[in-house]
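S.K.: Okay, handing you the structure first.
All of the numbers you see were taken from the coordinates with simple rules; none came from a lab. From a predicted model like this one, the values you see are computed outputs, not experimental measurements. Neighbour counts run over all protein chains shown; Cβ positions are idealised from the backbone, glycine included.
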Amino acid sequence: MRIPQTLYVFAEYSFFCGAFAELDAYKTTVVRHNRVHASHAFGLDFDDGTSNYDIYNNLCIVVGIKLRDGFDRRVHNNLLIGSGFELHMSFEQNNDLIYSNVVYFNKAYNQLCVSPKATTVFSHNLYWNGGEEIIGLPEQDFGSVIADPCFVDLENNDFRLSDISPALKL
């Protein structure tokens, strides 16, 4: 795939953008303890250079979490039910960390125009699709598992993890 010249030139300088991204985002923005439910679109949409975010303890139902154009975001301890992660326009040296999440969907993540030098790290996530095939698993995902998350009562939308959930061991 040939990247358009304008994107290529911008991506070339993205290493320097990472250092500049925190000039205005010098304090970490925290997004936590949200329940987001919709029938379409992205649930938590971190777009247009959002940088220095800590995103955790969110429940996303039928919508996922999208990261685009930013740097230094930590996405952890979230439950994504019926959707996965979206990575769009990730630049080199972006330093995004995606770890200790539960994704209950047939596609773990989707990517669009991600730099081959992007430093997004997937680690210790749990993926499940009711025993069916899961596509879009990250190529480099350290310590993650495909296993039933053992929700307390999935049929009645009780997405708390039971005491025997393998997600608690990640």
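S.K.: Over what distance in Å are the Cα centres of region 55-82 and region 23-44 separated?
M.R.: Measuring centre to centre over Cα atoms gives 7 Å.
S.K.: Pick from His33, His88, His76: which is most flexible by mean-square fluctuation in a GNM of the chain where alpha carbon atoms under 10 Å apart are linked?
M.R.: Greatest mean-square fluctuation among the candidates belongs to His33.
S.K.: Still on this model: With semi-axes √(5λ) of the Cα gyration tensor in Å as the read-out, I listed [x] 22, 19, 17; [y] 26, 18, 16; [z] 29, 17, 14; which label goes with the value calculated from this structure?
M.R.: For semi-axes √(5λ) of the Cα gyration tensor in Å, the calculated option is [z].
S.K.: By the scheme Lys and Arg +1, Asp and Glu -1, what is the net charge of all other residues having a beta-carbon under 10 Å from that of Asn58?
M.R.: Around Asn58, the charge tally is +2.
S.K.: Give me the dipole magnitude in Debye, nearest 20, for the chain about the Cα centre, with unit charges on the beta carbon: positive for Lys and Arg, negative for Asp and Glu.
M.R.: Dipole magnitude for the chain comes out near 160 debye.
S.K.: Hey, what number do you get for the chain at 222 nm if only DSSP H runs of n ≥ 4 count, each worth -39500 (n - 2.57), divided across all residues, to the nearest 500?
M.R.: -3000 deg cm²/dmol
S.K.: Taking a cut-off of 25 Å between Cα atoms, list the lysines near Lys27, but don't count ones fewer than 8 places away on the same chain.
M.R.: Lys66
S.K.: Taking Cα pairs under 8 Å and at least six residues apart, what relative contact order does the chain come out at, in percent?
M.R.: Relative contact order, the chain: 14 percent.
S.K.: I would also like to ask the following. Taking the Cα atoms only, what angle lies between the long axis of helix 14-24 and the longest principal axis of the chain, rounded to 10 degrees?
M.R.: Taking the Cα atoms of the chain, the angle to 14-24 is about 80 degrees.
S.K.: Also: Scan the chain and hand back the longest stretch that contains none of the GluC sites (Glu not before Pro) lying in DSSP loops with at most 12 other Cβ atoms within 10 Å.
M.R.: That gives 1-131 as the longest site-free run.
S.K.: Continuing with the same structure: To the nearest 20 debye, what charge dipole does region 57-111 have about its Cα centre, counting +1 at the Cβ of each Lys and Arg and -1 at the Cβ of each Asp and Glu?
M.R.: Values: 5 positive and 5 negative charges, 36 e Å.
The dipole of region 57-111 has a size of about 180 debye.
S.K.: Which residue, chosen from Gly136, Thr28, Tyr104, occupies the Cα position most advanced towards the positive end of the dipole of the chain, where the dipole is computed from +1 (Lys, Arg) and -1 (Asp, Glu) charges on Cβ about the Cα centre?
M.R.: Going by the Cα projections, it comes out as Thr28.
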